[in-house]
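Working notes, structure below.
Just so you know, all these numbers are worked out from the coordinates, no wet-lab data involved. All values derive from a computational prediction rather than experimental measurement. Here Cβ is always computed from backbone atoms with ideal geometry, including for glycine, and neighbour counts include all displayed protein chains.
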């Protein structure tokens, strides 16, 4: 796409022109998906994140700088979303220890009592989280929402959701440390 056409499409997009958006989508969708897939190595997630990027482009169309590059915006946005997704997966991986500790079947009465104590401690620790942090944690872990869905429902950025989840997991790790197995 040449600069004048790119500029024209951007101007039309900023004014809410659906045809301009469709032209941008057709022109860049495959490249955006490929870019996401290079980072994620998961075509399904790459497509989902790419669709989110285009949705966000439409939502932010009025605030785009008149001299910005559509391709630059799309590629940077999809790269950021892909990296955020990988960070999210890393946070989930770290919390697996806690989930596994709660879901392992108790083989002995002592183990069952330990699991009950852990469940009580976990419930209390979650209840003691700061309100917004607790809300984000519950939306993610109990309702199974993605960070982008939580951000949208709460009217905050995905980064704010990530920060609250990191804070929740750090606090829970500290509060529940006595229940976790030590290094072997």
Linear extension gain, residue 65 paired with residue 42, 0.36 nm per residue minus alpha-carbon span: 5.1 nm
Stretch gain in nm, segment residue 167-residue 128, where the contour uses 0.36 nm per residue and the Cα spacing is subtracted: 12.8 nm
Modelled FRET efficiency - R0 35 Å, residue 83 with residue 153, Cβ distances, 0.05 increments: 0.95
Region 1-41: Rg to Rh, with Rh as the Kirkwood radius over Cα pairs: 1.10
Rough spin-label spacing in nm, given labels placed 7 Å along Cα→Cβ, for residue 175 and residue 160: 2.2
Taking the C-alpha atoms of region 3-83, convex hull volume expressed per residue in Å³: 76
R0 of 35 Å, Cβ-Cβ distance residue 91-residue 7: FRET efficiency to nearest 0.05: 0.30
